[in-house]
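Following: one structure in structure tokens, then a few remarks.
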Ligand code: GLU
């Protein structure tokens, strides 16, 4: 994979999904990398993470541009849209396939739930019960027969096998938390290509950050643990490891993290109520 990065120049990014209108949590997540880039004579990129074709809509992408412009942010063109770059993810999948660290998984969500319920001690990770590894044990013949029959399948990363191939210490650096020893096993065999789309959040974000030369990744603390998986993928794919800054999340009046699905107040409605961008910056503690 070709990645070009003049390491003396800071390159940051904001990578929203157009699955709803942005709220003030997104504003913070966008302003932090923009300021880092501007304060350091670097570059700020915007990336549209739209691999989930069901949940992502063009109108929300337009909304992202409007909201960021209202905040006074500027970004480079062209904006990278993940759905335009499926070939890059396919290349990464084939590199991993060549290393023998990927396997097809035919399980439905219900299969996984049932398998977990059957087991006395299902291991749990940061996002709940881990994949129990059902399809990891299929024979080559079983896999080939099911693929030939057209059975829908995802592709999972065999984390144990991957770790056995890695020769370097798997560490990364966070600006607040310091040096972190990655523990990707805590996530189990994550999905790298979904049944409905031949990539996943983990794979696309790692490939894109490398291809775009991002050397400071800023994002909310909710994605802190995911970085362990990303670090493993960087190592398998021979990609550079950027610096990280996982920032605090904006919480609502109920003390819970703002989320589109909880109907957090959108930047559009904040703007329409007469609040200025400067007032929002102050509310976010960004004077
Ligand atoms: N697209 C992700 C989100 O909207 C952010 C990805 C990242 O910053 O790594 O939560």
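The values are calculated or read from the model by the stated rules, or taken from the named source; none is laboratory data. As the structure is a computational prediction, the values presented were derived from the model and not from experiment. No Cβ is skipped: glycine too gets one built from the backbone with ideal geometry, and neighbour counts run over all protein chains shown.
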Original post:
Would you call residue 209 touching a helix residue (DSSP H, G or I) at 6+ places or on another chain (Cβ under 9 Å) and either under 24 Å from residue 284 (Cα atoms) or touching a residue at least 40 places away in the same chain (Cβ under 8 Å) (or both)?
Top reply: yes
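Per-residue answers, yes or no, for (1) more than 25 Å from residue 85 (Cβ to Cβ); (2) part of a helix (DSSP H, G or I); (3) within 12 Å of the ligand (Cβ to nearest atom):
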{"residue": "164", "(1), (2), (3)": "yes, yes, no"}
{"residue": "173", "(1), (2), (3)": "yes, no, no"}
{"residue": "180", "(1), (2), (3)": "yes, no, no"}
{"residue": "189", "(1), (2), (3)": "no, no, no"}
{"residue": "196", "(1), (2), (3)": "no, no, no"}
{"residue": "202", "(1), (2), (3)": "no, yes, yes"}
{"residue": "213", "(1), (2), (3)": "no, no, no"}
{"residue": "229", "(1), (2), (3)": "no, yes, yes"}
{"residue": "241", "(1), (2), (3)": "no, no, no"}
**OP:** Any chance you could count how many residues in the stretch 252-283 are assigned to a loop (DSSP other than H, G, I, E, B) and either in contact with a helix residue (DSSP H, G or I) (Cβ under 8 Å, 6 or more places away or on another chain) or surrounded by 13 or more Cβ atoms within 10 Å (Cβ to Cβ) (or both)?
**Re:** 7
Original post:
Is one or more of the residues making up the stretch 17-26 under 15 Å from residue 209 (Cα atoms), over 17 Å from the mean Cα position of the chain (by Cα) and within 16 Å of the ligand (Cβ to nearest atom)?
Top reply: no
Original post:
Identify, please: which residue in the stretch 140-162 is within 22 Å of residue 89 (Cβ to Cβ) and assigned to a helix (DSSP H, G or I) and is, among those, nearest to the chain's Cα centre (by Cα)?
Top reply: 159
Original post:
Which residues, taken from the stretch 223-250, are surrounded by fewer than 18 Cβ atoms within 10 Å (Cβ to Cβ) and modelled with pLDDT under 95?
Top reply: 248, 249
Original post:
Quick one: would you say residue 46 is within 20 Å of the chain's Cα centre (by Cα) and closer than 20 Å to residue 206 by Cα?
Top reply: yes
Original post:
Is it the case that some residue within the stretch 79-90 is modelled with pLDDT of 95 or more, assigned to a loop (DSSP other than H, G, I, E, B) and more than 30 Å from residue 151 (Cα to Cα)?
Top reply: yes
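One line per residue, one yes/no per condition, for (1) surrounded by 20 or more Cβ atoms within 10 Å (Cβ to Cβ); (2) closer than 30 Å to residue 269 by Cα; (3) within 15 Å of the ligand (Cβ to nearest atom):
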{"residue": "55", "(1), (2), (3)": "no, yes, yes"}
{"residue": "78", "(1), (2), (3)": "no, yes, no"}
{"residue": "95", "(1), (2), (3)": "no, no, no"}
{"residue": "103", "(1), (2), (3)": "yes, no, no"}
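Being outside any helix (DSSP H, G or I), in contact (Cβ under 8 Å) with a residue 24 or more places away in the chain and touching a strand residue (DSSP E or B) at 6+ places or on another chain (Cβ under 7 Å) narrows it down to one residue among 249, 286; which is it?
Only one candidate qualifies: 249.
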